[in-house]
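What follows is a single structure, written as structure tokens, with notes after it.
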Amino acid sequence: MATFVLLHGGMHGGWCYQPLVAELRRRGHDAYAPTLTGHGERSHLQADVTMETHVLDVANLITYEDLDQVVLVGHSMGGVTIPLVAERVRERIGRVVWMASTVLGDGESIAEHYAAPTEWLERAFAPGPDGAPQDPAVILDAFMQDGTPEQRQWTLARLGGVTPPLVVEKGDLTGFLALHIPTGYIVATHDQALPPELCRRFAARLPGCLFAEVDAGHDLMITAPTATADALVAMS
């Protein structure tokens, strides 16, 4: 049995992992999907959120639940947070896996380097009329290209919440790699938010990482939980 801690990205929350958590637990594994402060059911907690808040959200879960040999997974912007969590609780981490996710190089940030790597994300996060937030359906199109109508409706009802720490935090990849924690990377082959060719370049930044591809769009944990579970279990 493996223990997975699954970390979401921007505009998502722990809710996005419900299908994947159910699949992993059905196979006998342990799975947790914390929500970062300021997102999802914790979106009402917006004041004074820092990256330290996000790191503690996850590190405290791992510590207080007394989890060991954790497979720590970060989706999308979650790739910013997982190396920081791994540094904080190094002795409890068995592998760190980026999933359709940004691997920041030294000194890089999403705001300066990867804010809108595709036209899909550019449309999704461009201000609407009079500076109003963009239509949530446009944002959904950037994240989910292969969902059923039911999956799209379920996701659309929950999307929201981007906290500044995820966007402005600068990477320290050299510091993380010095920990010598095993890594992995999962590419979503139909991803229009972070296209596969970009994700393969991110994976190349992780020497010796385990690599897998899932035939799905960006929100693969929702639209393809069985195949995503296959890839994660193989890495565990």
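Of all the strands (runs of 3 or more DSSP E) wholly in the range 1-85, which have at least 3 residues that are crowded, with 23+ Cβ neighbours inside 10 Å and touching a helix residue (DSSP H, G or I) at 6+ places or on another chain (Cβ under 7 Å)? If you could, list the steps in order and put the result at the bottom.
On the way: elements: 3-7, 30-32, 70-76.
Per the criteria, 3-7, 70-76.
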Could you list, ordered by first residue, the pairs with Cβ atoms under 8 Å in which the first is in the range 154-177 and on the phi < 0 side of the Ramachandran plot and polar (S, T, N, Q) and the second is in a helix (DSSP H, G or I) and open to solvent by less than 30 Å² (accessible area, probe 1.4 Å), at least 6 apart or interchain? T155/C16; T155/L140; T155/F143; T155/I222; T163/H54
Report whether or not A111 is out of contact with any strand residue (DSSP E or B) (no Cβ under 8 Å at 6 or more places or on another chain) and of a type in the set (A, V, I, L, M). yes
Taking the range 88-100 as the region of interest, how many residues are open to solvent by 40 Å² or more (accessible area, probe 1.4 Å) and within 17 Å of the chain's Cα centre (by Cα)? 1
Looking at (1) under 18 Å from the mean Cα position of the chain (by Cα); (2) over 22 Å from L159 (Cβ atoms); (3) at pLDDT 95 or above; (4) β-branched (V, I, T), which one does T50 not meet, given that it meets all the others? (3)
Lone qualifier among A115, A111 - being closer than 14 Å to A193 by Cα and under 19 Å from the mean Cα position of the chain (by Cα): A115
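The values are calculated or read from the model by the stated rules, or taken from the named source; none is laboratory data. Here the structure is a predicted model, which is why all the values come from computation and not from measurement. In this analysis, Cβ positions are derived from the backbone assuming ideal geometry, glycine residues included, and neighbour counts consider all displayed protein chains. Accessible surface areas use protein heavy atoms only, side chains included; no ligands, DNA or RNA. Shrake-Rupley method; radii C 1.70, N 1.55, O 1.52, S 1.80 Å.
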